[in-house]
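First the structure, in the form of C-alpha cells, and then the observations on it.
The values are calculated or read from the model by the stated rules, or taken from the named source; none is laboratory data. What you are looking at is a predicted structure, and each value in this text was computed from that prediction instead of being measured. Cβ sites come from the backbone with ideal geometry, for glycine too, and all protein chains shown count toward neighbours. Areas reflect the complete protein model, heavy atoms only, side chains present, ligands, DNA and RNA absent. Shrake-Rupley method; radii C 1.70, N 1.55, O 1.52, S 1.80 Å.
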Amino acid sequence: WENIEGLLKATLGKPAVQEAALSRFFERHPDSVEKFKASLFPTFLEIAPAGQDFLKKSSTRIFFISDKIATLALEMYCYPTRMVEETSANGLRHVGYGVPTEMFPPFVSGAVMAIQALTEDDMVVEAVPFSLALACKIMVRTLFEGSTLVMKAINANIRSQLRKAMDIIPRGKRANELLKITAGSQSISPFFWAVDSGAIGSAQMILQDLLTIRADRDVYYYGADALFTHFPRVVQRLCATPVLLPTLMDGLVWRSRQTRQGVRRVNYYVKHLLKDANDDISQNLEWLGQHGDPG
C-alpha cells in the first residue's frame with residue numbers, strides 16, 4: 001500500500017491538466033494529430049520489428065486502428081470508466097489474436113517518440129504515454145487472465161494440443177471453460193472464437209466434447225444445457241457455419257451400447273430445440289427450417 005500511495009501522490013492532480021493540454025492539442029493542431037496517427041505504427045515497427053507478424057492488415061485498416069488509438073489517448077481522460085470496459089474487451093480480442101504481451105511496452109515507446117516529433121509541449125508529451133500505458137496495462141492483465149491453454153490451442157489450431165488442454169480441465173468445470181472466459185467484467189467464448197476465426201477443426205472438437213455424456217459415481221456431465229444457456233441462439237450462429245450442424249445434431253442423440261431383440265435404445269435431447277429458457281416456443285426449429293437440410 002505504501003507503493004500505491006507513492007504512485008497516487010506522484011500523479012495526483014496531473015490527469016486533469018494533461019487532459020486539458022491534450023484536448024487543446026487535438027483541437028488546435030489537427031494536422032499534427034493526423035501525422036501522429038500516420039507515424040504511430042511505423043515508429044513502433046522500428047522499435048519492435050517482430051510486431052509486423054501481428055499486423056497483417058491493409059493500410060486502411062491500420063490507419064483505422066491508429067485513429068482509434070489516438071482517440072483512446074484522449075478519451076481515457078474524459079470517460080475513464082467506459083474506456084476501461086472497452087479496453088478490457090479489446091484485450092480479450094487480442095487473446096484470440098495471440099499477441100504476446102512483450103509487444104505492448106515498445107508500442108507505448110513508439111507513441112512517445114511519435115508525439116515528441118510533433119510538439120514541444122511537455123504536458124502533451126506526458127499525457128499520451130500516461131493514458132496509453134494505462135490502456136496497455138489493462139490489456140496485459142486481460143491477456144494474462146484470458147490466455148488459457150484452450151485459447152492458445154485454438155489459435156494454433158492443433159487438435160492434439162487442444163485435446164490435451166481440454167483433458168486438464170475438471171469435468172464439472174469443462175463446459176464453462178470451453179464456452180466462456182471472463183476477465184474483469186468482459187468475456188469471450190473459446191468455442192465461438194474458434195468458429196469465427198475459421199478454426200473449424202477445433203470448434204468441432206469442442207462441440208463433440210461438450211456433447212459427450214460422462215459420469216462419475218454421483219453425477220452425470222453433459223454440456224447441452226450449458227451450451228444453450230450461454231448461447232440461446234447457437235443454432236442460428238451455426239447455420240452460418242453449417243459444417244458444424246451435423247456435429248451438434250449428433251451430440252443431441254444418445255445411443256445405448258446394448259441391443260435388445262435387435263434394437264437399441266436411443267434418447268433424443270431436443271428440449272432446447274423446442275422451447276427456450278422461458279418455456280416459450282424456441283426459434284431454433286424455425287432457423288433450422290430456413291436453413292434447410294444440414295447434410
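Descriptive notes on the structure:
- Of all aspartates and glutamates in the structure, those lying under 14 Å Cα to Cα from Lys37, and not within fewer than 8 positions of it along the same chain, are Asp67.
- According to the calculation over all Cα-Cα pairs in the chain, the P(r) per 5 Å bin from zero is 1, 5, 9, 12, 13, 12, 10, 9, 8, 7, 6, 4, 2, 1, 1, 0, 0, 0 %.
- Dimensionless Rg/Rh of the stretch 1-81 - Kirkwood Rh, Rg from C-alpha atoms: 1.08
- Over all orientations, the stretch 208-266 has a Cα convex hull whose mean projected area works out to 5.4 square nanometres.
- Counting protein heavy atoms only, the stretch 1-53 has 57 percent of its accessible area on carbon and sulfur, 1.4 angstrom probe.
- Angle between the chain longest axis and helix 80-97 axis [Cα atoms, degrees, rounded to 10]: 60 degrees
- Each residue of the stretch 113-129 was assigned a 3J(HN,Hα) from its phi angle through the Karplus curve 6.51 cos²θ - 1.76 cosθ + 1.60 (θ = phi - 60°); the sequence is 4, 5, 6, 5, 6, 10, 8, 9, 6, 4, 5, 5, 4, 7, 5, 5, x Hz, with glycine and proline shown as x.
- When each of Lys152/Lys173; Lys57/Lys152; Lys137/Lys173 is checked by Cα-Cα distance, pairs over 25 Å: Lys137/Lys173
- Short-range pairs are left out: with C-alpha atoms under 8 Å and at least six residues apart, the relative contact order of the stretch 213-287 is 22 percent.
- Residues Tyr220 and Val270, FRET efficiency given R0 of 22 Å [Cβ-Cβ distance, rounded to 0.05]: 0.80
- Annotation: amide H of Ile181 within the under-5 Å range of Ile188, Ser189, sequence separation 5 or more or interchain, hydrogens built in the peptide plane.
- Sulfur and carbon atoms: percent of accessible area, the stretch 155-295 [1.4 Å]: 48 percent
- Percent RCO, i.e. relative contact order, over the stretch 72-201, from Cα pairs under 8 Å lying at least 6 residues apart: 30 percent
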